[in-house]
Amino acid sequence: MAFPILFLLFLSLPFSYAKLNVDYYKETCPDFSKIVMENIYTKQSTSPATAPGILRLFFHDCITDGCDASILVSSNAYNPHAERDADLNLSLSGDAFDVIVKIKNALELACPGIVSCSDIVAQATRDLVKMVGGPYYPVRLGRKDSLESDAAKVVENLPTPNMTMDQIIEKFTKKGFTVKEMVAMTGAHTIGFTHCKEFIGRIYNFSKTSDADPTMHPKLVEGLRSVCHNYTSDPSMAAFNDMRTPGRFDNAYFQNVMNGLGLLTSDSLLGVDPRTKPYVELYAKDQQAFFNDFVKAMEKLSVFQVKTGKQGEVRSRCDQFNSISRA
């Protein structure tokens with residue numbers, strides 16, 4: 001009876017998802033994994049911001065309109081408002097875009113016209129998470145790159161730090177993600193940094209009765225004021241999401257949230273909302289539980305609304321469609 005059950009499970013998968021597999025390039029581009037790994041190792045070694053940068057880029061790409069590399073497309077005269085230029089994407093890491101370009105160039109030399117940019121992003125994200133101490137998870141391959149990129153879709157789909165928890169949860173659940181998966185993915189904040197403008201309202205002029213957010217640890221407020229004192233004249237000023245182990249993928253983010261050391265309003269809400277707090281408490285004390293759930297969430301995210309077959313293309317350059325006039 002096992003075969004019919006497995007067959008039914010297969011049929012229940014989205015058709016595009018069912019086409020993906022981890023050995024997709026085994027015959028057509030056998031050095032795919034090696035080329036990705038060599039390039040991300042070189043880049044991460046010289047630019048430690050690459051790992052958190054590409055993890056954020058991957059999330060912004062996938063959650064907007066599926067994992068299709070639409071975020072890599074540059075605006076042009078035919079498509080003047082590409083996803084990449086949406087306000088919420090302007091702070092994405094230049095290192096993340098750069099490493100994708102380097103990997104794509106190397107793959108085009110080794111196996112021209114074979115590997116999609118969306119597969120590069122998915123594989124590089126997994127490899128970089130693992131490189132900085134995070135868990136390994138299999139990456140199914142065979143995605144095609146999008147045939148459109150629209151900045152207007154970003155605001156519709158991307159959660160922002162100042163939303164209510166109801167609004168944030170809705171952004172995920174309407175796409176089929178559970179609250180637990182949402183909290184696990186938010187654990188990606190354990191690496192990287194946040195620009196001062198994203199949390200400045202928590203450390204200055206918070207309310208009529210309190211200059212700073214009272215849920216924020218006073219020592220953190222003091223430190224952030226020192227870091228961000230000049231942020232209006234230098235918008236690039238930022239603070240590490242996790243002050244203790246900023247370059248290591250671990251469960252420290254959740255411990256920080258429980259201790260009032262989260263930077264964003266959404267971090268604070270995560271630690272008090274009854275729907276999310278149990279998961280934050282679990283992950284704060286059990287790193288393996290966090291890793292296990294993060295892996296499941298990332299596997300699910302990485303195949304969200306993927307394009308296959310004639311739904312997309314394999315771009316020659318990641319920043320432009322093969323047909324330059326495509327909108």
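The values are calculated or read from the model by the stated rules, or taken from the named source; none is laboratory data. These numbers come from a predicted model, not from an experiment. Counting neighbours? That spans all protein chains shown, and the Cβs are built from the backbone with ideal geometry, glycine included. Protein only, heavy atoms only, side chains kept; ligands, DNA and RNA dropped before computing areas. Shrake-Rupley method; radii C 1.70, N 1.55, O 1.52, S 1.80 Å.
Per-residue answers, yes or no, for (1) touching a helix residue (DSSP H, G or I) at 6+ places or on another chain (Cβ under 7 Å); (2) in contact (Cβ under 8 Å) with a residue 24 or more places away in the chain; (3) not β-branched (Val, Ile, Thr):
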residue	(1), (2), (3)
283	yes, yes, yes
290	yes, yes, yes
293	yes, yes, yes
299	no, yes, yes
305	yes, yes, yes
309	no, yes, yes
314	no, yes, no
323	no, no, yes
Within the stretch 25-77, restricting attention to residues that are within 17 Å of residue 145 (Cβ to Cβ) and of a type in the set (S, T, N, Q), which residue is most open to solvent (accessible area, probe 1.4 Å)? 28
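When the stretch 274-323 is examined, which residues are found to be basic (Lys, Arg), assigned to a loop (DSSP other than H, G, I, E, B) and more than 22 Å from residue 149 (Cα to Cα)? Give the derivation first.
Here is the first cut: in the stretch 274-323, the residues basic (Lys, Arg) are 275, 277, 285, 296, 300, 307, 310, 315, 317.
Now narrow it down to the ones that are assigned to a loop (DSSP other than H, G, I, E, B): 275, 315.
Once the filter is applied, which keeps residues that are basic (Lys, Arg), assigned to a loop (DSSP other than H, G, I, E, B) and more than 22 Å from residue 149 (Cα to Cα), the stretch 274-323 yields only 275.
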What about residue 51, is it among the aliphatic types (A, V, I, L, M), within 18 Å of residue 107 (Cβ to Cβ) and modelled with pLDDT of 95 or more? no
So which of 227, 295 is over 30 Å from residue 81 (Cβ atoms) and out of contact with any strand residue (DSSP E or B) (no Cβ under 8 Å at 6 or more places or on another chain)? 295
Which residue out of 198, 181 is among the acidic types (Asp, Glu) and in contact with a Leu (Cβ under 7 Å, 6 or more places away or on another chain)? 198
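I'd like to verify a number: residues in the stretch 169-197 that are of a type in the set (D, E, K, R) and either surrounded by 20 or more Cβ atoms within 10 Å (Cβ to Cβ) or at positive phi (or both), how many? Talk me through it step by step, then tell me what you get.
At the first step, the residues of the stretch 169-197 found to be of a type in the set (D, E, K, R) are 170-171, 174-175, 180-181, 197.
Still in the running and either surrounded by 20 or more Cβ atoms within 10 Å (Cβ to Cβ) or at positive phi (or both): 181.
Qualifying residue count, the stretch 169-197: 1.
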Within the stretch 168-189, how many residues turn out to be of a type in the set (Ser, Thr, Tyr), part of a helix (DSSP H, G or I) and more than 13 Å from residue 270 (Cβ to Cβ)? 1
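Does residue 101 meet the test of being more than 16 Å from the chain's Cα centre (by Cα) and surrounded by 14 or more Cβ atoms within 10 Å (Cβ to Cβ)? Steps first, answer last, please.
Details: more than 16 Å from the chain's Cα centre (by Cα): yes; surrounded by 14 or more Cβ atoms within 10 Å (Cβ to Cβ): yes.
Judged against the criteria, residue 101 is a match.
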Test: residue in the stretch 139-153 that is at pLDDT 95 or above, within 22 Å of residue 291 (Cβ to Cβ) and open to solvent by 40 Å² or more (accessible area, probe 1.4 Å): yes
May I ask you to list the residues in the stretch 230-273 that are assigned to a loop (DSSP other than H, G, I, E, B), open to solvent by less than 50 Å² (accessible area, probe 1.4 Å) and of a type in the set (Val, Ile, Thr)? 245
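Within the stretch 155-202, which residues are of a type in the set (Lys, Arg) and more than 17 Å from the chain's Cα centre (by Cα)?
First, the residues of the stretch 155-202 that are of a type in the set (Lys, Arg): 171, 174-175, 180, 197, 202.
Those that are of a type in the set (Lys, Arg) and more than 17 Å from the chain's Cα centre (by Cα): 174, 197, 202.
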